[in-house]
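Notes follow once the structure below has been shown.
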Amino acid sequence: MLIMKVKHSYGILRRMVATIVIIVTTTSVNAHSVADVSGIAFGTSYEEALQAIEEQFGKPLSRTESRVVYRDKDFMGVRFQELTFGFQKDDEGRTYFNEARFTLQAGSKANACKYVETIANRMTDEYPGVSKDLEEDGSPFYKGGTSPFIGNYLFTIYVYPGRNGYQTVLRYGPLPYVK
């Protein structure tokens with residue numbers, strides 16, 4: 001009788017552990033199943049996204065139906081000189097938030113590389129599995145997050161040689177809502 005109770009208790013315990021593992025795994029996988037930037041989901045209409053963007057960053061420097069631009073704003077504790085939010089429009093006039101680009105004027109290539117590493121470390125906290133590559137010139141290049149489109153990463157972090165020196169760019173997307 002005692003052996004039957006122990007076996008029964010063991011079976012219940014095993015099912016409980018299996019259930020917990022499934023819940024934890026599902027929660028981890030779905031933590032970023034809705035791709036977003038600072039809580040603004042990709043695929044959101046222009047009107048909804050603009051309202052959410054303005055709540056976080058204030059009135060934009062400029063805006064069109066395809067781009068909303070800010071200057072000198074903080075994101076993830078980093079001061080970016082330019083923030084650009086991009087939108088696509090389909091044949092029926094529907095708009096989709098599909099890209100966000102955060103650009104930091106770093107001056108030198110060495111500074112740009114340092115900022116890439118700083119931003120990547122912060123992204124790793126939020127997006128497990130961020131991976132690093134090196135560009136042909138030795139600059140670090142990171143990619144990570146899960147795009148809502150199969151086979152794509154959600155974001156990249158890289159060094160860009162601009163007109164006024166090197167830049168560090170954190171780019172989400174662009175995501176192809178309109179083919």
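The values are calculated or read from the model by the stated rules, or taken from the named source; none is laboratory data. All values derive from a computational prediction rather than experimental measurement. Counting neighbours? That spans all protein chains shown, and the Cβs are built from the backbone with ideal geometry, glycine included.
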Looking at this structure, is GLY93 touching a residue at least 60 places away in the same chain (Cβ under 8 Å) and either in a helix (DSSP H, G or I) or not acidic (Asp, Glu) (or both)?
no
Please find, among THR168, THR146, THR118, the residue that is modelled with pLDDT under 95 and either in contact with a strand residue (DSSP E or B) (Cβ under 8 Å, 6 or more places away or on another chain) or under 15 Å from THR84 (Cβ atoms) (or both).
THR146
Taking interchain pairs and intrachain pairs at least six residues apart, which have beta carbon atoms under 6 angstrom, with the first residue in the stretch 166-179 and under 19 Å from GLY93 (Cα atoms) and the second of a type outside the set (A, V, I, L, M, F, W, C) and not in a strand (DSSP E or B)?
TYR177/GLY43; VAL178/ASP90
When GLU99 is run through (1) crowded, with 17+ Cβ neighbours inside 10 Å; (2) in contact with an Asp or Glu (Cβ under 8 Å, 6 or more places away or on another chain); (3) not aliphatic (A, V, I, L, M), the failure sits at (2)
Would you point out which residue out of VAL159, VAL130 is touching a residue at least 12 places away in the same chain (Cβ under 8 Å) and out of contact with any Cys (no Cβ under 8 Å at 6 or more places or on another chain)?
VAL130
Going through the stretch 144-160 in order, the residues found to be assigned to a strand (DSSP E or B) and farther than 17 Å from MET76 by Cα are THR146, TYR153, VAL159, TYR160
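Give the stretch 118-133 a look and list any residue that's surrounded by 14 or more Cβ atoms within 10 Å (Cβ to Cβ) and assigned to a helix (DSSP H, G or I), or say none. Before the answer, list the steps.
From the stretch 118-133, those surrounded by 14 or more Cβ atoms within 10 Å (Cβ to Cβ) are 118-120, 122-124, 127, 130, 132; that's our starting set.
Residues satisfying the conditions are THR118, ILE119, ALA120, ARG122, MET123, THR124.
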Tally the residues that are in contact (Cβ under 8 Å) with a residue 12 or more places away in the chain and surrounded by fewer than 20 Cβ atoms within 10 Å (Cβ to Cβ), restricting the search to the stretch 72-85.
9
Which condition from (1) part of a strand (DSSP E or B); (2) polar (S, T, N, Q); (3) exposed (fewer than 15 other Cβ atoms within 10 Å of the Cβ) is the one that GLN51 breaks?
(1)
Quick one: would you say GLU136 is assigned to a loop (DSSP other than H, G, I, E, B) and farther than 25 Å from VAL34 by Cα?
yes
